[in-house]
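Before any comments, here is the structure.
The values are calculated or read from the model by the stated rules, or taken from the named source; none is laboratory data. Worth saying up front: this structure is predicted, and the values here are computed from it rather than measured. Virtual Cβ from ideal backbone geometry, glycine too; neighbours counted across all protein chains shown. Accessible surface areas use protein heavy atoms only, side chains included; no ligands, DNA or RNA. Shrake-Rupley method; radii C 1.70, N 1.55, O 1.52, S 1.80 Å.
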Amino acid sequence: MSDEEDGPLVKKARVFYGSLEEKERERLSAESKPSPETGVQTGVQTGIQAGIQAGNINISSGETLEIEERVSERQHEVLLEFERRRRARQITVSTDDTEVKAGLRALGEPITVFGEGPADRRER
């Protein structure tokens, strides 16, 4: 008979008795020490050093960057424009075309501009 006919081999679970603390301590100390032949650290320390050198891990010296409190002139203009649009949306304008025309007359605006319909007139 061949191995294929017997079915797949099953790994037997190993049972460990006692503490694994010493083995783990040895493994961690071996990872943090530089390799004797290459002088390079292994494991966790190598990963951390590579992250720092790549710029992915930031180790700062405690310096802070001050944020300017003043708003630039351009930002101020944009904020004023948003505020103007918000106020314009809140104004109630009649949908009756004759009332819209009367309102435009009161403002000194032309009541009809060439090619303008009632909806465009109301928007204006």
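Considering only the other residues whose Cβ falls under 12 Å of the Cβ of R122, what net charge follows from Lys and Arg at +1 and Asp and Glu at -1?
Neighbourhood net charge equals -3.
Would you kindly find the accessible area of E26, with a 1.4 Å probe and non-protein molecules such as ligands, DNA and RNA excluded, rounding to the nearest 10 Å²?
The accessible area of E26 comes to roughly 100 Å².
Rolling a 1.4 Å sphere over the protein heavy atoms, what is the accessible area per residue of region 75-124, to the nearest Å²?
It amounts to 86 Å² per residue over region 75-124.
Leaving ligands, DNA and RNA out of it, report the carbon-plus-sulfur percent of the accessible area of region 77-124 at a 1.4 Å probe.
Ligands and nucleic acids excluded, carbon and sulfur reach 57 percent.
Net charge near L104: determine it from the other residues with C-beta under 15 Å of the C-beta of L104, scoring Lys and Arg +1 and Asp and Glu -1.
-2
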